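Take a look at the structure below.
The values are calculated or read from the model by the stated rules, or taken from the named source; none is laboratory data. Just so it is clear, the structure is predicted and the values come from calculations on it, not from any experiment. Glycine also receives a Cβ, built like all others from the backbone with ideal geometry; neighbour counts cover every protein chain displayed. Areas reflect the complete protein model, heavy atoms only, side chains present, ligands, DNA and RNA absent. Shrake-Rupley method; radii C 1.70, N 1.55, O 1.52, S 1.80 Å.
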Amino acid sequence: MGLDSEQLIQDLAEAEREREQLVQELRHALRGSERRFEAIVGSLTDAVTIRDREHRFLYANSAAIAHLGFDSWEQLRDTPPAQIMKDYLVWGEDGGVISMDDIPSVRILRGEQAEPLLIRTVHQETGAERWNLLKAAPLLDEDGEVEATITIIEEVTERKRAELRDAFLAQASAALASSLDYEQTLRNVAQLAVPDIADWCAVDLLDEDGDRRTVAVAHVDPQRLSLAEALRGYVPEQLDPERGIGRVLHTGEAVFYAEIPDEMLVVAAIDERHLELLRAVGFHSALIVPMRLGERILGAMTLVGAESGRALDRFDLELSEQVAARAAVAIENSRLYSARSSIARTLQQSLLPEQLPEITGYELASIYLPGVETSMVGGDFYDVWAVRDSWLIVIGDVTGKGIDAAALTALVRHTVRTASEFDASPSRLLEFVDATLKKRPVLSVCTAMCVRLQGDRATLAVGGHPLPLHVSSEGVRELGEHGPLLGAFADACWREHEVHLKPGATLLAYTDGITDAQGQGDVRFGLGRLREAVAELADRPAAEMVDGLARRLAEFQTGAHSDDTAAIALRRAVAGTAGADRAQAHEVTRAGTASAMSATA
Amino acid sequence: MVRQARITISEEVRGANLQLSIDGELDISTVPLLEAQIEATHESPTPLTLDLSGLTFMDSSGLRLLIELSERSRREAWQLSLVPSRHESANLVLRITGADTALPFTERAPE
């Protein structure tokens, strides 16, 4: 475009003359408010326009002419107001479409009160987005009739965008910190970005093998999401490391396309259909930022300005980089957490004996059903080992969180085993564990039930744990008495109870995961159902009893059980069975318990 | 008021005393809600009353929370009062563990 400077100067001079004349006329017409007018025009750098009753421009200061996208006053003056509106898409603050009738000056001409109006405009051609605050006031003639309206257009784009960005950053950060389910969280964040920040927002993650997976695609209009679905069919197996998301995931650097001309789509398109889809999205500008921690690239976040025509700018780029950085931290935390939580789970399970020892004259069987993963791990444990002339069986439940619970379980098991070398009395063992737990700097509590088995005599003590059941053909009864939880209360002590196990009688110890199991309508399994179940299984071998119990529990339960569940059954062998034959040899094999112990220790 | 299908926690300030009334089930999945509610509303050394009379179930994680609160109240020197549940199914875990006598339970709701 050539520039004829002489012509330009002449034009300017003429415009100036014309404007002077108009202002003179206005001053004349608005004698009463001359001073006010003078003050407004003099002091404001904002765009100021004055329109007549037919809504034609009578005056526009130079800021207004530039703001409305005109080169000269004449151009503006000769363009019908509706034509000017046509170049813009206009929304209110709430996202609703604004028409000419909503404009304050037009409302004043209709005789209405007009509050200041905040509008968002996007130029149809350039995609430039602006936020404007329109304030209008009537100019009255001598009879008090509205003769003209004066409008001040205050551009608040930067302020409004900063506000939206702050809001988005705050909401996204809160969302990212709120949950450990990071895929859901990323979907929420993508949703928050539209339409305030962009028309489209997508999040892609890289897994350990370097494969890309799209976890979120958001658009304010759900119907348009099918476009994204269709486009995904065109994603190549191997991303181009030189371009687009491939480049971001490869280099860890953001890419920013301030404008996406059609030629770019043509180059990117794989075939005609692909090009159609790309054009249908209406790409206007796009940015892709990496989600990375140091050198590790976890994924990328893509923002697209499309059909709204909005052009993303460097502020949007900065903002997305901040959100992506926070997302990366959230992803990492969540991955670490699940790793840690499964370590805790594994550790907890590894604390259970791999195989129960054989106790001469007895059958021994157990079940352990780990609870679903939650931040709380109810660590059930049990252990069976031999000490001198007796066998010891311990079952307990540590309530705590993750690795701490597993560590506590390990401590309890170790403590009770070590203590049993000195004193194998169940009440003394509970006292010992209680004292050990109380020495811990943080509240450490656990339930435990301890049985010492010598021949057919079982001595037991119970600390905050459900009482074990004595199951025989004669019926089911609870054994022992409740004693305090371990590690919890001052001046605690435990009493021992003794029972003689007849052949065929079973001692069943369990954790509250069984009685607390939830069925239909939040009904709990409870002691009643447990008693019924084991009564029916009374004459079964120990292994069948615990399996049968587990089956009944599974039938009763709705959904996954949230707490650990464990049970251990000790059944005195019936005469004539293999177990009973060994029972005869009980006294003789006692010497062998030392080796059994070292094997299980 | 915090409301989830299985637990309702309502808050009432009586003079210098904060009272939280808990109805429903206090177990491994609802304990975090009560924990969060206490965290948000209770400030040491304000006396705190937990009215559990409407509680229909409590498991060991609920008990653990009560013990933790009891420990904390001792350490920070504020008064904790617990109103027992009207339901045996909620008191069972307290009875089994000896918490019914060891924790600061009142006989009935303070008037």
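The C-beta contact set for region A:136-147 (first residue more than 20 Å from A:PRO104 (Cβ to Cβ), second residue at pLDDT below 80, distance under 9 angstrom, 6+ apart or interchain) comprises A:GLU142/A:ARG31; A:GLU142/A:GLY32. Give me the residue from region A:216-237 that is under 15 Å from A:ARG187 (Cα atoms) and of a type in the set (Gly, Ala, Ser) and, out of that set, surrounded by the fewest Cβ atoms within 10 Å (Cβ to Cβ). The residue in question is A:ALA228.
Going through (1) open to solvent by 10 Å² or more (accessible area, probe 1.4 Å); (2) at pLDDT below 75 one by one, A:GLY378 falls short only on (1). A search for C-beta distances below 7 Å between a residue of region A:551-564 that is closer than 21 Å to A:ASP397 by Cβ and among the aliphatic types (A, V, I, L, M) and any residue that is at pLDDT below 80 and surrounded by fewer than 17 Cβ atoms within 10 Å (Cβ to Cβ), counting only pairs 6+ apart in sequence or on different chains, returns A:ALA560/A:VAL372. The residues listed here are B:SER61, B:SER70, B:SER85; of these, the one that is more than 14 Å from chain A (Cβ to nearest Cβ), closer than 22 Å to A:HIS482 by Cβ and among the hydroxyl-bearing types (Ser, Thr, Tyr) is B:SER85. Scanning region B:67-111 for residues that are at pLDDT below 90, open to solvent by 70 Å² or more (accessible area, probe 1.4 Å) and in contact with a Ser or Thr (Cβ under 9 Å, 6 or more places away or on another chain) returns a single hit, B:ARG108.
Can you tell me which residue is farthest from the other protein chains (Cβ to nearest Cβ) among those in region A:512-531 that are closer than 19 Å to A:MET449 by Cβ and in a helix (DSSP H, G or I)? So, considering only residues that are closer than 19 Å to A:MET449 by Cβ and in a helix (DSSP H, G or I), the one farthest from the other protein chains (Cβ to nearest Cβ) is A:ARG531.
Checking the stated criteria, A:LEU352 turns out to be among the hydrophobic types (A, V, I, L, M, F, W, C), surrounded by 16 or more Cβ atoms within 10 Å (Cβ to Cβ) and at pLDDT below 80.
For region A:470-503, filtering for residues that are in a loop (DSSP other than H, G, I, E, B) and buried (at least 19 other Cβ atoms within 10 Å of the Cβ) leaves 12. The set of residues in region A:297-317 that are open to solvent by 20 Å² or more (accessible area, probe 1.4 Å), closer than 12 Å to A:GLU253 by Cα and in a strand (DSSP E or B) contains only A:ILE297.
Among the residues of region B:60-111, the ones that are farther than 23 Å from A:HIS465 by Cβ, of a type in the set (A, V, I, L, M, F, W, C) and in contact with a strand residue (DSSP E or B) (Cβ under 6 Å, 6 or more places away or on another chain) come to 3 in all.
Within region A:287-296, the residues that satisfy the criterion of being open to solvent by 10 Å² or more (accessible area, probe 1.4 Å) and assigned to a strand (DSSP E or B) are A:ILE288, A:PRO290, A:ARG292, A:LEU293, A:ARG296.
Being part of a helix (DSSP H, G or I) and either open to solvent by 40 Å² or more (accessible area, probe 1.4 Å) or over 18 Å from B:ALA90 (Cα atoms) (or both) is the filter here; which residues of region B:1-56 pass it?
B:PRO32, B:LEU33, B:GLU35, B:ALA36, B:GLN37, B:ILE38, B:GLU39, B:ALA40, B:THR41, listed by residue number.
The test for being in a helix (DSSP H, G or I), loosely packed, with under 15 Cβ neighbours inside 10 Å and among the acidic types (Asp, Glu) does not hold for A:ASP209.
Residues in region A:115-131 that are farther than 18 Å from A:GLY282 by Cα and touching a residue at least 40 places away in the same chain (Cβ under 8 Å): A:LEU118, A:ARG120.
Meeting the requirement of 3 or more residues that are among the β-branched types (Val, Ile, Thr), the helices (runs of 4 or more DSSP H) wholly within region A:224-279 are A:244-251.
Just so you know, in region A:389-416 the residues that are open to solvent by 20 Å² or more (accessible area, probe 1.4 Å) and more than 21 Å from A:GLU498 (Cα to Cα) include one that is nearest to the chain's Cα centre (by Cα), and it is A:LYS401.
Does A:VAL394 count as touching a strand residue (DSSP E or B) at 6+ places or on another chain (Cβ under 6 Å), within 21 Å of A:SER366 (Cβ to Cβ) and within 14 Å of chain B (Cβ to nearest Cβ)?
no
Do we have any residue at all in region A:534-549 that's without any contact (Cβ under 8 Å) to a residue 60 or more places away in the chain, within 21 Å of A:GLY455 (Cβ to Cβ) and of a type in the set (A, V, I, L, M, F, W, C)? Among the residues of region A:534-549, not one is without any contact (Cβ under 8 Å) to a residue 60 or more places away in the chain, within 21 Å of A:GLY455 (Cβ to Cβ) and of a type in the set (A, V, I, L, M, F, W, C), which makes the answer no. A:VAL442 falls short on exactly one of the conditions (1) more than 12 Å from chain B (Cβ to nearest Cβ); (2) open to solvent by 60 Å² or more (accessible area, probe 1.4 Å), and that condition is (1). Could you look through region A:151-174, keep only residues that are free of Cβ contacts under 8 Å to residues at least 40 places away in the same chain and open to solvent by less than 20 Å² (accessible area, probe 1.4 Å), and pick out the one that is nearest to A:SER334 (Cα to Cα)? Result: A:THR157. Tallying residues that are more than 14 Å from chain A (Cβ to nearest Cβ) and of a type outside the set (Ser, Thr, Tyr) within region B:88-111 yields 5. Among the residues of region A:101-127, those identified as out of contact with any helix residue (DSSP H, G or I) (no Cβ under 9 Å at 6 or more places or on another chain) and under 30 Å from A:ILE197 (Cβ atoms) are A:ASP102, A:PRO104, A:THR121, A:VAL122, A:HIS123, A:GLU125, A:THR126, A:GLY127.
State whether the residues of region A:457-464 include one that is more than 14 Å from chain B (Cβ to nearest Cβ), of a type in the set (Lys, Arg) and closer than 21 Å to A:ALA419 by Cβ. Checking region A:457-464: at least one residue is more than 14 Å from chain B (Cβ to nearest Cβ), of a type in the set (Lys, Arg) and closer than 21 Å to A:ALA419 by Cβ.
Might you check whether a residue that is out of contact with any strand residue (DSSP E or B) (no Cβ under 7 Å at 6 or more places or on another chain), under 22 Å from A:ILE288 (Cα atoms) and either open to solvent by 30 Å² or more (accessible area, probe 1.4 Å) or at pLDDT below 85 (or both) occurs anywhere in region A:143-150? Looking through region A:143-150, none of the residues is out of contact with any strand residue (DSSP E or B) (no Cβ under 7 Å at 6 or more places or on another chain), under 22 Å from A:ILE288 (Cα atoms) and either open to solvent by 30 Å² or more (accessible area, probe 1.4 Å) or at pLDDT below 85 (or both). Within region A:75-134, being open to solvent by 40 Å² or more (accessible area, probe 1.4 Å) and polar (S, T, N, Q) holds for A:GLN75, A:GLN83, A:SER99, A:GLN113, A:GLN124, A:THR126. Cβ separations smaller than 7 Å between residues 6+ apart or across chains give no pair from region A:483-495 residues that are within 9 Å of chain B (Cβ to nearest Cβ) to residues that are among the acidic types (Asp, Glu) and in a loop (DSSP other than H, G, I, E, B). So, A:GLU321, is that one in a helix (DSSP H, G or I), out of contact with any helix residue (DSSP H, G or I) (no Cβ under 6 Å at 6 or more places or on another chain) and not small (Gly, Ala, Ser) or not? Spelling it out, A:GLU321 is indeed in a helix (DSSP H, G or I), out of contact with any helix residue (DSSP H, G or I) (no Cβ under 6 Å at 6 or more places or on another chain) and not small (Gly, Ala, Ser).
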